[in-house]
1. What tally of residues in the stretch 49-69 results from selecting those that are open to solvent by 80 Å² or more (accessible area, probe 1.4 Å), more than 14 Å from Glu2 (Cα to Cα) and not in a helix (DSSP H, G or I)?
2. Which numbered condition in (1) surrounded by 12 or more Cβ atoms within 10 Å (Cβ to Cβ); (2) at pLDDT 95 or above; (3) in a strand (DSSP E or B); (4) not polar (S, T, N, Q) is the only one that Met5 fails?
3. Could you tell me whether any residue of the stretch 12-30 is touching a residue at least 60 places away in the same chain (Cβ under 8 Å) and under 14 Å from Lys66 (Cα atoms)?
4. Would you be able to tell me the number of residues in the stretch 8-19 that are polar (S, T, N, Q) and open to solvent by 80 Å² or more (accessible area, probe 1.4 Å)?
5. Go through Tyr17, Tyr33 for me and flag whichever is of a type in the set (Phe, Trp, Tyr) and over 12 Å from the mean Cα position of the chain (by Cα).
6. Within the stretch 20-48, work out how many residues are open to solvent by less than 40 Å² (accessible area, probe 1.4 Å), of a type in the set (Ser, Thr, Tyr) and part of a strand (DSSP E or B).
7. Looking only at the stretch 8-19, which residues are in a strand (DSSP E or B) and among the aliphatic types (A, V, I, L, M)?
Amino acid sequence: MEMKMLGLEISNLKDGYCISTVTLSVLNTPGAYLIAVLPGIMVISYEPLLTSVEKIMRAVTRLGYKIKKIVQ
């Protein structure tokens, strides 16, 4: 099982409510695992056989948050 890392800079990810909402959405994506979350930044490990960067990003953007930067 090969794991990859993904870093996302997310606009307006500031308070506890926003962080928990986005965290739950990402964790509900099969194959995505949260490594760290700070205001504005999320680091995720994922299994490419189970999910994709696009699916993880959709879990964030469907809630109305914008991804400012992606680091792979």
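1. As a first pass, look at the stretch 49-69 and keep what is open to solvent by 80 Å² or more (accessible area, probe 1.4 Å): 49-50, 54-55, 58, 62, 66, 68-69.
Pick out the ones that are also more than 14 Å from Glu2 (Cα to Cα) and you get 54-55, 58, 62, 66, 68-69.
From what is left, the residues that are not in a helix (DSSP H, G or I) are 62, 66, 68-69.
Matching residues across the stretch 49-69 total 4.
2. That leaves (1) as the condition not met.
3. Of the residues in the stretch 12-30, the ones touching a residue at least 60 places away in the same chain (Cβ under 8 Å) are none.
No.
4. Keep residues of the stretch 8-19 that are polar (S, T, N, Q), which gives 11-12.
Remaining after also requiring open to solvent by 80 Å² or more (accessible area, probe 1.4 Å): 12.
Of the residues in the stretch 8-19, 1 are polar (S, T, N, Q) and open to solvent by 80 Å² or more (accessible area, probe 1.4 Å).
5. Working: Tyr33 fails: over 12 Å from the mean Cα position of the chain (by Cα).
Result of the check over Tyr17, Tyr33: Tyr17.
6. 2
7. Kept after step one, since they are in a strand (DSSP E or B), are these residues of the stretch 8-19: 8-10.
Listed by number, the residues that qualify are Leu8, Ile10.
The values are calculated or read from the model by the stated rules, or taken from the named source; none is laboratory data. Just so you know, these numbers come straight off a predicted model, no measurement behind them. FYI the Cβ positions are ideal-geometry reconstructions off the backbone, even for glycines, and counts take in every protein chain you see. SASA here: full protein model, heavy atoms, side chains in, ligands and nucleic acids out. Shrake-Rupley method; radii C 1.70, N 1.55, O 1.52, S 1.80 Å.
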